1. For region A:161-281, please report how many Lys pairs fall under 25 Å Cα to Cα, leaving out neighbours fewer than 8 apart on the same chain.
2. Which length gain, in nm to one decimal place, applies between A:ILE687 and A:ILE394 when the Cα-Cα distance is subtracted from 0.36 nm times their residue separation?
3. Suppose accessible area is computed on protein heavy atoms with a 1.4 Å probe; arrange A:SER189, A:SER16 from highest to lowest.
4. Which whole-number percent of Cα pairs in region A:208-310 have a distance greater than 25 Å?
5. Which whole-number percent of Cα pairs in region A:566-637 have a distance greater than 17 Å?
6. log₁₀ I(q)/I(0) of region A:3-129 at q = 0.13, 0.18, 0.19, 0.20 Å⁻¹, via Debye over equal Cα point scatterers, no solvent, to two decimals?
7. Would you mind checking the pairs A:LYS300/A:LYS362; A:LYS467/A:LYS522; A:LYS316/B:LYS4; A:LYS399/A:LYS427; A:LYS40/A:LYS74 and listing those with alpha carbons more than 19 angstrom apart?
8. Could you state the angle between the C-alpha long axis of helix A:231-257 and the longest principal axis of the C-alpha atoms of chain A, as a value from 0 to 90 degrees rounded to the nearest 10?
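The values are calculated or read from the model by the stated rules, or taken from the named source; none is laboratory data. Keep in mind it's a predicted model, so treat the numbers as computed, not measured. Cβ sites come from the backbone with ideal geometry, for glycine too, and all protein chains shown count toward neighbours. Note: accessible area is taken over every heavy atom of the protein model, side chains too, but ligands, DNA and RNA are not part of it. Shrake-Rupley method; radii C 1.70, N 1.55, O 1.52, S 1.80 Å.
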Amino acid sequence: MNATALEKLIPLTCISMDAPEKEFLHEFRKSTASFLFLTKKNKIHAYLNIDELDNEERFSLDKKMAETKAVPIKNIGECKLGSPMSFAQMFQIMGEHITLVKNDEDEYIGYINRVDALIELFRQENINTDIFKVILSSIPMGIFIVDSERKIVNCNESGLKMIKSSYEKVMRAKSGEIFNEEHIDTVFSTGETLLNQIHIKEDMGVLVDYSPIRNENNEVDGLIIIVQDLPMVEEMAMEIEYVRDLNTDLNAILATMYDEILVVNKEGKLLRHSESLIHDFWGVKDIKELEGKNLLEIEKSGVYNPSIVRPVLEKKKKVSIVQETPAGKTVLAVGNPIFNENGEIHRIVIALRDITETTMLKDELRETKRLTRNYKNELEKLKNKNNTYSRQIIYCSSKMEKVMNRIRKLADFDSTVLILGESGVGKELIARSIHSEGNRAHQPYLAVNCGAITEDLLESELFGYTKGAFTGADSKGKVGYFEQANHGVLFLDEVSEIPPRLQVKLLRVLQEKEVTPVGSTKAIPIDVQIIAATNRNLEKMVEEGSFREDLFYRINVIPIQVPPLRERPEDIPLLAFHFIQQLNEKYKKNYHLSPDAVTLLEVYDWPGNIRELQNQIERLVVTADDEVISAEFVAHSLKFGPMKRTKPMVTGILPMHEAKEHLEEQLILLAMKQYKTTTKAAQVLQISQSAVSRKYQKILKKQTNNPDS
Amino acid sequence: MNYKELIISPYYGQIAEIYIEKGSRINEGEQLFSIHTLEGNIEYISFGIYGYIHSIEVCEGEDVIPGMVLAYVQTEF
């Protein structure tokens, strides 16, 4: 403080508070100073501003009142003579009416008024005079001054930091663009102060006060916007945003996992739900219609059945239930209870999944699986069957198809079967397939050729014998075929060859179903299916008396007539290929028949039937020079005898009439050569005798005219 | 494809016995649960497909109602 200020120094007027009341009042009333300083024990401790007291107060003031009205001395700013004032002192000066002045000895020498102190302050050359700016920047809050046009006219650094902007951007900017325009309008129109308004934008979160600046007419002339940085608010806002995003994501995730998710309270009231709705389940169009409703009541009304909330409440644990609606919707509901800290149910989270279609598909799938399994079993059965003998029966003719169907029908029965057919048609193979297709497939199968062994041997083989039954017999005795084949099948091939004595014994076995071994008197009960076979005409034999009639009827229960190969030529190529392939596989060769050769095989008579065909093919393969077996080669091998009723064979293309002529010629010449007379030839050729005669004459004439042909 | 099948109670009653545990391999028609029904009968629950028990949702003595899921079965198609 310098000398100029010293001129404004006002001496202190002190009154001692230690003096008696009377003396105090005397001093007080005598004084004309504006400020009275109160002392205790000669030390100033407070002051009284007399100008602030009204008349009545001045009149009635006593020591006690002075004590209450006095301002403590420590509230007043101090300055020292000769030393400069600091900025902080300046705030003290501004806060009170006066400033005390001390001398170098720290004694109060007087006071100066506020105005004089400030003048003194501004006079100091070393102090920045932009006091307003200093004040603004000293405040740890953002301050923005808005003028009557609502434009920002001033602000401090803190404010810029908080709103993350720059001085250039903010100055003269419309306040409504930075802060809440609505709030600014409110303050301008009402003059009210708006406090603690949270203002959140993407990158900032601040607490804002909007305060009006009034002019002398009490009109709102501008605003002070005070901004407080709230990093926590910002963080929270960010978190809310994050949670909101998370919520959306979770909803989407949940929607893919479950068709619907509901949260109900312990009373069953619906509190929350996922966005999706299972169509046709609740009987409402929008799930929002269910908000606030009680699920227990909805369940009671029979929209769906059974309830999920009730069991969860009762059991206090997770419950899964399949619910159904009257319209046929099937929904899997999983109810999960959520407990509070007291262990009571607080919420129930219910996840629903529409399984109508799944259930339907599942049922269908189950049915399909069942069918598939059945088919598989059937296939397996067929495969197993084909693996055995029936696979070896190769045919495509309807005649054989009929035979095979008959065999399949027989499979479920134990009836005695009589297989009839020429030699080599495969009677044994058919007997084996009857066994393998039938109920006794897993029981023994025995075959005896009755024509191949002597009568005595056949007897002991069939019926067995006891020990010591005859000389040379096995000492232990022998179990007969009948006994061996018990529960199974006994195949009696060439049954016609059984001698009459054994026919009686066989008849007895078939009738009584028991067998008596040679040398034994004890009959053994047996259960054997008999399959008999013969290539002879049993009926004729019965007529002739060489086969017992009663036995014939006994074995002729199910006759199966196997057609000879010549009656089913369509099977020949199949069989031929089969046999050739067998040989090819066996000898690792690659023989095959030319089409003509196959045709030739087809027209052949095959008196030895399939057996002959098999042997013939083997012969062809063994003797063939070429891998391709030609028709000529086959023709050489087969004996197309004149007696055979073979089909005529044409090996090259020639005009039809010419072919007919050739054929006629050949036939007539052949017939005449064999039967000598036209009458007989006509009979054989089944045309009229005159026709034969005429044609024969023509041929002879042709031969004489053209002896080379 | 792995797929979970539901074993559902057809009865009102109480679980009398559970013959399986989590992870058990079950065969077609095998008895899995017995339920003491409200009518007083013991009914056995079996399943038409073979698979593995994925989870058991009930315990012995627990009340059941028709539609309640008793167990999930992992099956292979």
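1. 7
2. Details: separation 293, 0.36 × 293 = 105.48 nm, distance 3.90 nm.
Fully extending the segment from A:ILE687 to A:ILE394 adds 101.6 nm.
3. Values: A:SER189 95, A:SER16 45 Å².
Ranking A:SER189, A:SER16 by accessible area, largest first, yields A:SER189, A:SER16.
4. 50 percent
5. Across region A:566-637, Cα pairs with separations above 17 Å total 33 percent.
6. Reported log10 I(q)/I(0), two decimals: -0.56, -0.96, -1.04, -1.12.
7. Values: A:LYS300/A:LYS362 30 Å; A:LYS467/A:LYS522 13 Å; A:LYS316/B:LYS4 25 Å; A:LYS399/A:LYS427 15 Å; A:LYS40/A:LYS74 14 Å.
Table pairs above 19 Å Cα-Cα are A:LYS300/A:LYS362; A:LYS316/B:LYS4.
8. Helix A:231-257 sits at roughly 20 degrees to that axis.
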